[in-house]
1. Beta carbons within 10 angstrom, averaged per residue: use that to sort the peptides 159-165, 12-18, highest first.
2. Applying a 10 Å radius around every beta-carbon, put 141-147, 43-49 in order of their mean neighbour count, most first.
3. Skipping prolines and chain starts, which residues have an amide H placed within reach, meaning under 5 Å, of the one on Ile8, given they are 5 or more residues away or on another chain?
4. Applying a 10 Å radius around every beta-carbon, put 131-138, 106-113, 178-185, 61-68 in order of their mean neighbour count, most first.
5. When the helices in the chain are scored as -39500 (n - 2.57) per DSSP H run of 4 or longer and the sum is shared across all residues, what 222 nm value do you end up with, to the nearest 500 deg cm²/dmol?
6. Between region 129-151 and region 16-30, what is the separation of their alpha carbon centroids in Å?
7. When only Cα pairs under 8 Å and 6 or more residues apart are kept, what is the percent relative contact order across region 4-208?
8. So what J values fall out for region 9-19 if you push phi through Karplus, 6.51 cos²θ - 1.76 cosθ + 1.60 with θ = phi - 60°, rounded to Hz, Gly and Pro as x?
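Any read-out appearing in this document is the output of simple, stated calculations on the displayed coordinates, not a laboratory observation. Computed from a predicted structure; not experimentally measured. Cβ placement follows ideal geometry from the backbone for every residue including glycine, while neighbour counts extend to all protein chains displayed.
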Amino acid sequence: MTTQVAGILLAAGDGSRLGQPKATVELAGSTLAERGVALLREGGTELVVVVTGAIPVELPGAIEVHNPDWLSGMGSSLAYGLRALGGDHVPADCVTAHGHVAGATDIEAAVIALADQPLVGSESVRRLIAAYRDGATVAVAAYAGKPRNPVLIAREHWPAVLDVVGGDAGARPFLRAHPDLVTLVECGDTGSPDDIDTPEDLARVREALLP
């Protein structure tokens, strides 16, 4: 049986420096949240959880998990996403979905992506999943050898991630504490991990997408 991998899209922030919630920013005809879901779906994930906070985001084919603690940082959003897939400690009123997290117990790994990195390509997700199926339990996309996003973490490590997650660091504390587990997967030819944090960043990304 093929191992099932889920996607977690972190899209909870209010975009204070950008001037609007990042999930709603339109880029080349799609919102950043829509692009993030497509990235994970096209990359081969079985289902996608979108963790929201500042505003609700309803996307066909994705499961919305609301993080009421989103102001505390990205770490809490990652925790809510992993707990939703793990089936524990997520209040029912925090999950609004087109259905429910059906099949979550069959998920053996999760690819974590950020909504504000729209130039990441779906091939990076495919490569992380391929690395996992080749034996890696933690796979990190690298660009010119430098680790960035997305990140794949096998289910066996989720409790350890949840033990250290917090603030805006996301999975970084876990990755730094366990460098022996990390497999870097070069993805520099598949896209760019450039963030959209400011209007200037958004303008640069829009220019990069021009034909």
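1. With the highest mean Cβ count within 10 Å placed first, the list reads 12-18, 159-165.
2. 43-49, 141-147
3. For Ile8, whose amide H was placed from the backbone, the distant partners under 5 Å are Val49, Val111, Ile112, Ala113.
4. 106-113, 61-68, 131-138, 178-185
5. The helix contribution divided over the chain gives -8000 deg cm²/dmol.
6. The distance from the Cα centre of region 129-151 to that of region 16-30 comes to 27 Å.
7. Working: 444 pairs, mean separation 49.1, N = 205.
Dividing the mean separation by the residue count of region 4-208 yields 24 percent.
8. 3J(HN,Hα) across region 9-19, in whole Hz: 9, 8, 9, 9, x, 8, x, 4, 7, 8, x.
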